[in-house]
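Just below is one structure, and these are the notes that go with it.
The values are calculated or read from the model by the stated rules, or taken from the named source; none is laboratory data. A quick note: this is a predicted structure, and the numbers were derived from the prediction, not measured. Because the Cβ atoms are built from the backbone with ideal geometry, glycine has one as well, and the counts that use them run over all protein chains shown. Surface areas here come from the heavy atoms of the whole protein model, side chains and all, with no ligands, DNA or RNA. Shrake-Rupley method; radii C 1.70, N 1.55, O 1.52, S 1.80 Å.
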2 protein chains.
Amino acid sequence: MDLDVPTGTPAAVPTPQPGDPRLARLSLNQKTVNRLGVAEATDLCVRHGFGAIGLWREPVAEIGTARAARLVRDAGLRVSSLCRGGFLTAADEAGRTAALDDNRRAIDEAAALGTDTLVLVVGGLPAGSRDLAGARQRVADALAVLVPVAADAGVRLALEPMHPMFCADRGVLSTMEQSLAVAAPYPASQVGVVVDTYHVWWDPAAYQQIARAAGRIASFQVCDWVVPLPADTLLGRGMMGDGTIDFRSFRRAVDAAGYDGDIEVEIFNADVWAADPDAVAATVARRYVTEVLD
Amino acid sequence: MDLDVPTGTPAAVPTPQPGDPRLARLSLNQKTVNRLGVAEATDLCVRHGFGAIGLWREPVAEIGTARAARLVRDAGLRVSSLCRGGFLTAADEAGRTAALDDNRRAIDEAAALGTDTLVLVVGGLPAGSRDLAGARQRVADALAVLVPVAADAGVRLALEPMHPMFCADRGVLSTMEQSLAVAAPYPASQVGVVVDTYHVWWDPAAYQQIARAAGRIASFQVCDWVVPLPADTLLGRGMMGDGTIDFRSFRRAVDAAGYDGDIEVEIFNADVWAADPDAVAATVARRYVTEVLD
């Protein structure tokens, strides 16, 4: 009998096999199998019949963008997104310039990898700063510079609202509503938003804002909220079904808003990372059909 | 030279002494000096010239409500609030009944202690539940039962929006806006909201919602957001000035909304709890004048 990871509980359903149409939109964000490089993660996706992969810049850099692009293309996978650009809140000129340069590189990498979606984690407060409104304004200011660059490259910038737990140190965009306001000056084809269940599940306005986001949803990411939080709150994300999030309602809401792109499973979790990647991929496929699909 | 706790850094200003008019609205929430009973915490407040104390039910129960009430009254302190009622999200009849009974007792205790403010931490999701909308509805349903009871006792129920980090396991009211919506059916004199900087500082709508809350602000609590969060996120609260919150802007906003009640310092923090309570109180007084007042 198959066991789900990391819980070790018996699988509730047979593992969907490659070719199963239910897997068509399923994407494995590379971070879910953090130990694997691009080649190994690509092989894993193919072996398990996933339609797409979400890549991260650091492992891509390890083998070079061109080689990573070829690997994924030759494997027949879509690249659902590239994580990540952003960190646009520096208050000093040098920091601002460095961030813009880094984001220009990220845009080029996204284009080279054949994805139209660059996820932006916008950054937290600069050290010692308490000027949250100022940090949020600098994100908007940086977008004004980056959007034309991205548009020229055929890349859409995907603003990711982050759970308010990360407001100080990671992302000052805290809600869908706020992200949509920052995106509003630009065409939906150039600036979208990420709906990550982990970040938005608590928001009383989440469903309403997803409906408002029609046409702007650039990425839909799933993972569960599990309590208690671990010592490193960055690693608190759980396998779908292990926590408190009602994924089906979110999936239906993004569907109803017209989103028909890939559904990325992105799990930062030390226990998931320690598990056998094939067991992780098989659990992801099972939980995806039992928790996310109808 | 005085040192601030828990940082150990030199005090930036002389410690305001008892009788200093700047301390008139300052209240020490008992939880900030978690080791002290009601008598010791009351003495501490008097010794440092605080105008009020925020009490918790558990230490009050240790000596009995009548005795606690007498101690605080004889000391000439106001009771700025009683923490806490709530936990109203049980989905089963037995749990619901037990919670309502407990809240009726809390209302009686608040009245006996001479405070008109009972803080409600509304509760998280029941074990195994993913029905966040249902849990939120049950809070509203329980309020319908409790508001008349509280009104008869001359106690105002103070809904505390909790940081979304606590949505699953502690409080499903996550924003001021949502709390105001739950309070809206009732007179402002019967149901108010708590503005706790720790819970609301990240909210893009915080200032707008504080303005909307005019007349409903039942309590203003301050403590800082310090990163990284500790292993137990409940204990992540910091001394004002040690983190990322702009207290002065929040204090001005609640002032502008007409709030003229006590300003409670409520810090859950293992390092603060381990420090000498007199050093904690002195630091609170100094940081209050440098960080919160103009």
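Report, in deg cm²/dmol and to the nearest 500, the calculated mean residue ellipticity at 222 nm for the protein assembly as shown, where each DSSP H run with n ≥ 4 adds -39500 (n - 2.57) and the sum is divided by the residue count. The helix-only estimate for the protein assembly as shown comes to -11500 deg cm²/dmol at 222 nm. Here the calculated FRET efficiency for B:ASP74 and B:ASP246, from their Cβ-Cβ distance with R0 = 60 Å, stands at 0.95, rounded to the nearest 0.05. For region B:256-294, the residues whose backbone nitrogen is under 16 Å from a point 7 Å from the Cα of B:ARG35, taken along Cα to Cβ, are B:268-283. Think of chain A as a dipole: +1 on every Lys or Arg Cβ, -1 on every Asp or Glu Cβ, centred on the Cα centre; then among A:ALA99, A:ALA282, A:VAL265, A:ALA99 lies furthest on the positive end.
Projecting the Cα atoms of B:GLY76, B:PRO21, B:VAL46 onto the dipole axis of region B:1-102, where Lys and Arg carry +1 and Asp and Glu carry -1 at the beta carbon, places B:PRO21 farthest toward the positive end. Net charge around A:ASP2, counting only other residues with Cβ within less than 14 Å of its Cβ (Lys, Arg = +1; Asp, Glu = -1)? Residues near A:ASP2 contribute -1 overall.
Rounded to the nearest Hz, the phi-derived 3J(HN,Hα) couplings of region B:110-116 under the Karplus curve 6.51 cos²θ - 1.76 cosθ + 1.60 (θ = phi - 60°) are 4, 4, 5, 7, x, 10, 9, where x marks glycine and proline.
Comparing each chain alone with all protein chains together (probe 1.4 Å, DNA, RNA and ligands left out), the residues of region B:237-252 losing at least 50 Å² of accessible area are B:THR244. Each Lys and Arg adds +1 at its Cβ and each Asp and Glu adds -1 at its Cβ; summed about the Cα centre, the protein assembly as shown shows a dipole of about 840 debye.
When both bridge partners sit in chain A, DSSP labels roughly 10% of those beta bridges antiparallel. The simple Förster model, with R0 at 51 Å and r as the Cβ-Cβ distance, assigns A:ALA66 and B:ARG212 a FRET efficiency of 0.40.
Shielding by partners for peptide A:158-168, expressed as the average number of C-beta atoms from other protein chains within 10 Å of each residue's C-beta, is 5. Distances from B:ALA274 to itself in the other copies, using label points 7 Å out along the Cα-Cβ axis, amount to 2.6 nm in increasing order.
Roughly how big is the B-A contact, given as buried accessible area in Å² (both sides, 1.4 Å probe, nearest 100)? Buried surface at the B/A interface: approximately 2200 Å².
For the peptides B:82-89, B:275-282, B:53-60, the ranking by packing is B:82-89, B:53-60, B:275-282, with the highest mean count of neighbouring Cβ atoms within 10 Å listed first. Averaged over the residues of A:198-205, the number of partner chain Cβ atoms lying within 10 Å of the residue Cβ comes to 5.
Under the criterion of Cα pairs below 8 Å and six or more residues apart, the relative contact order for region B:1-141 equals 19 percent. Taking only Cα atoms and a 10 Å spring cutoff, compute GNM fluctuations for chain B and point out the largest among B:ILE217, B:ILE63, B:ILE267. So, out of B:ILE217, B:ILE63, B:ILE267, the one fluctuating most is B:ILE63.
A 1.4 Å probe run over chain A, with the rest of the protein chains in place, finds 36 Å² accessible per residue. Note on A:ALA274 and B:ALA270: the model spin-label points, each 7 Å out from Cα along the C-beta direction, lie 2.0 nm apart. For B:ALA144, inter-copy separations between label points set 7 Å beyond Cα along the Cβ vector come to 5.0 nm, shortest first. Just checking the listed ones, A:THR197, A:THR115, A:THR244: in the Gaussian network model of chain A with Cα springs under 10 Å, the one fluctuating most is A:THR244. Placing a label point 7 Å from the Cα of B:THR7 along the Cα-to-Cβ direction, the distances to the matching points in the other copies come to 4.4 nm, shortest first.
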